[in-house]
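Trainee: Quick one: structure below, then a few questions.
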Amino acid sequence: MARSALSSKQGAFKGGAVSAASYIPAATVVAASALSLLPIVSVTGWWPNAGFLMLIAWRLLRIDPWPAWWAAPLGFINDLLTGAPIGLSVTLWSAVMLAMEFVDSRTQWRDYWVEWAIATILITADCWFDWQIAGLMGAPVPFLHIVPAIVLSMFAFPIAAMIVARLDRWRFGR
Amino acid sequence: MAAPAGSRPGWSRKAQYSLFFGLVAAIGGLVVGLILLVLSLLAPSAYAGIRGAALDVTAPVTGALNEVVVTAQGIVGGAGDYWNAAEQNASLKRERTAMRRQIIRAKAVLQENAQLKAALGLREKTSQAVAVGRIVGSSFESSRRFGILSVGRGDGVMPGMPVRTADGLVGRVIEAGSSAARVLLVSDRSNIVPARLLRGGVPVISTGRGDGTIDVRPLEVGRNPFKRGDIIVTSGTGGLYPPLVPIARIVRLDDDGALAVPLADPAQSSFAIVERAFEPAALAVAGTPANR
């Protein structure tokens, strides 16, 4: 946000494809949220939350994939699609945008391992918060039960990051 | 939040405002999210409309995709059956003769039961099917265990109604759109089902563990009444679930209870039957937030 406010809007984009290319990140996050509509009837809930992974992958790759406040409506769509308590992703995703703003201001450089570590911390925080809310809603499972979900999400993040990097190259026609 | 050292907004008013409003907007999103979340926790019924509508929009997609998966599985499974048809045929014939004997015995017991009930003057409560649908999806991204059912309010399904398959109990409806519903599976941590052991009738409590298994504890502390392979059935206490619906099979014993696996596997069962609540008065209680 800080840096995006400084850079001129047209700086990152080439020519006329500004509007279309700038909506692609948000659109892919919604598409990833919609993966929860797949007819997978699973007895465990260990699959990664694809929408969240896409969100952090985009935000780690670029400072300004979308205006910061878009995280709230994107989270709302995610809540509706996945059936999570309404407000859960709105809160979490807005918090992620703020947290990343802080991370951006404190890190001088980031290599791939640092990005993965940040993603792991964000994923763990997401699962922990999700777990707390489930507990408040009358389903207090032991924390150990959600550890497999965290580990799976952690290893799914590089896949999301790869997809996002390719999409980013493609949207600027490189 | 400290401004980034490397890129201060400088003297440009426009850039300063843009940065400031960006942050304010994100914080605003966070606050709105928290308010929505608190409302979700305290008054989940406030969202019944919008969540029902979301279900109506999304469930047909899941249902259509599910159709494709079922067809593909059918082709593969059909080919597999063809492969060892002779062996399967022989074992099925053996099973059939054994079954027939059991059915005759069961019929005799049923008849005797009916006579005894008539003698006692008990009125039989028949469980009526409200609608029949399919479990087309699930919450595979969260620790809560929900299933998506392909029937909704338009078919008479209301929140609180029990859902079962021919094999056993699946759970109960917690949200209903007009053409789809969300089912709280028996394996969810918040789904507590009053039950009893089929062998001996010891009253037990079944609680989901969130990972596809069920935790079973006897109501009275003391000796562990369970054995491996025991079947637990609903007791009908509380009025939400009809009695004598099979729930789970015990697979492992622990200190004061046991671990069980649900008999109705929502991933396998093709049809799910929605029934009326055993005691309609229990529906009103089931809809309150504390029971969600």
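Trainee: When a/c is below 1.5 the answer is rounded, else prolate if a/b is larger than b/c, else oblate, so apply that to the stretch B:70-192 with a ≥ b ≥ c taken from the square roots of the Cα gyration tensor eigenvalues.
Mentor: Details: a/c = 2.45, a/b = 1.10, b/c = 2.23.
It is oblate, given that a/c is not under 1.5 and a/b is not larger than b/c.
Trainee: Taking the Cβ of each residue in A:Val29, B:Val68, A:Val41 as the centre, tally the other Cβ atoms inside 10 Å and list the residues starting with the fewest.
Mentor: Working: A:Val29 30, B:Val68 10, A:Val41 23.
With the fewest neighbours first, A:Val29, B:Val68, A:Val41 line up as B:Val68, A:Val41, A:Val29.
Trainee: Cut-off is 10 Å between beta-carbons; in what order do A:Met154, B:Met161, A:Met54, A:Met162 appear when sorted fewest neighbours first? Display every interim value, and only then the final one.
Mentor: Details: A:Met154 17, B:Met161 23, A:Met54 27, A:Met162 11.
Starting with the residue having the fewest Cβ neighbours, the order is A:Met162, A:Met154, B:Met161, A:Met54.
Trainee: Per 10 Å bin, what is the whole-percent P(r) computed from every C-alpha pair distance within the stretch B:132-199?
Mentor: 22, 52, 22, 4, 0
Trainee: First select every other residue whose beta carbon is under 12 angstrom from the beta carbon of B:Ile232; then total the charges, Lys and Arg +1, Asp and Glu -1. Before the final figure, lay out each step's value.
Mentor: Details: positive: B:Arg196, B:Arg199, B:Arg217, B:Lys227, B:Arg249; negative: B:Asp215, B:Asp230.
Charge balance in the 12 Å sphere: +3.
Trainee: Could you please rank A:Trp109, A:Trp131, placing first whichever residue has the fewest other Cβ atoms within 10 Å of its Cβ? Before the final figure, lay out the partial values.
Mentor: On the way: A:Trp109 5, A:Trp131 22.
If I rank by nearby Cβ atoms, fewest first, I get A:Trp109, A:Trp131.
Trainee: B:Ala114 to B:Glu67: extension gain in nm, 0.36 nm per residue of separation minus the Cα-Cα distance?
Mentor: Details: separation 47, 0.36 × 47 = 16.92 nm, distance 4.15 nm.
The span from B:Ala114 to B:Glu67 would gain 12.8 nm if fully extended.
Trainee: Classify chain A: rounded, prolate or oblate, from the alpha-carbon gyration tensor (a ≥ b ≥ c, eigenvalue square roots; a/c under 1.5 rounded; otherwise prolate if a/b is larger than b/c)?
Mentor: On the way: a/c = 1.84, a/b = 1.64, b/c = 1.13.
Cα axes put chain A in the prolate bin.
Trainee: Compute the signed sum of charges (Lys and Arg +1, Asp and Glu -1) over the other residues within less than 11 Å, Cβ to Cβ, of A:Gly51. Write down the numbers at each step before the final one.
Mentor: On the way: positive: none; negative: A:Asp79, A:Asp126, B:Glu141.
Here the count lands on -3.
Trainee: Quick one: work out Rg over Rh on the C-alpha atoms of the protein assembly as shown, Rh as Kirkwood radius.
Mentor: Values: Rg = 26.4 Å, Rh = 24.9 Å.
Taking Rh as the inverse mean 1/r over Cα pairs, Rg/Rh reads 1.06.
Trainee: Which whole DSSP H helices in chain B pass both tests: a Cα extent of 15 Å or more along the axis and a mean Kyte-Doolittle value no lower than 1.6?
Mentor: Values: long enough: B:13-42 (43 Å, 1.82); B:48-83 (50 Å, 0.66); B:85-120 (50 Å, -0.57).
Membrane-span-like by this rule: B:13-42.
Trainee: Got a sec to turn the phi values of the stretch A:164-171 into Karplus ³J(HN,Hα) couplings, 6.51 cos²θ - 1.76 cosθ + 1.60 with θ = phi - 60°, whole Hz, x for Gly and Pro?
Mentor: Rounded to whole hertz, the list is 5, 4, 5, 4, 5, 5, 5, 5.
Trainee: So what's the projected area for chain B, the Cα convex hull averaged over all directions, in nm²?
Mentor: Values: hull surface 97.8 nm².
Its average projected convex-hull area is 24.4 nm².
Trainee: Take each of the peptides B:46-57, B:149-160, average the number of other beta-carbon atoms within 10 Å over its residues, and list them starting from the highest.
Mentor: Working: B:46-57: 17.4, B:149-160: 20.5.
Ranked by mean Cβ neighbours within 10 Å, highest first: B:149-160, B:46-57.
Trainee: Pull up all non-local amide H partners of B:Ser235: gap of 5 or more, or a different chain, and H-to-H distance under 5 Å with H placed in the peptide plane.
Mentor: Distant-sequence amide H within range of B:Ser235: B:Ala195, B:Arg196, B:Leu244.
Read-outs: derived from the displayed coordinates by stated rules, not from any lab. Keep in mind that this is a model prediction, so the values were computed, not measured. Don't worry about glycine lacking a Cβ; one is built from the backbone with ideal geometry, like all the others, and counts go over all protein chains shown.
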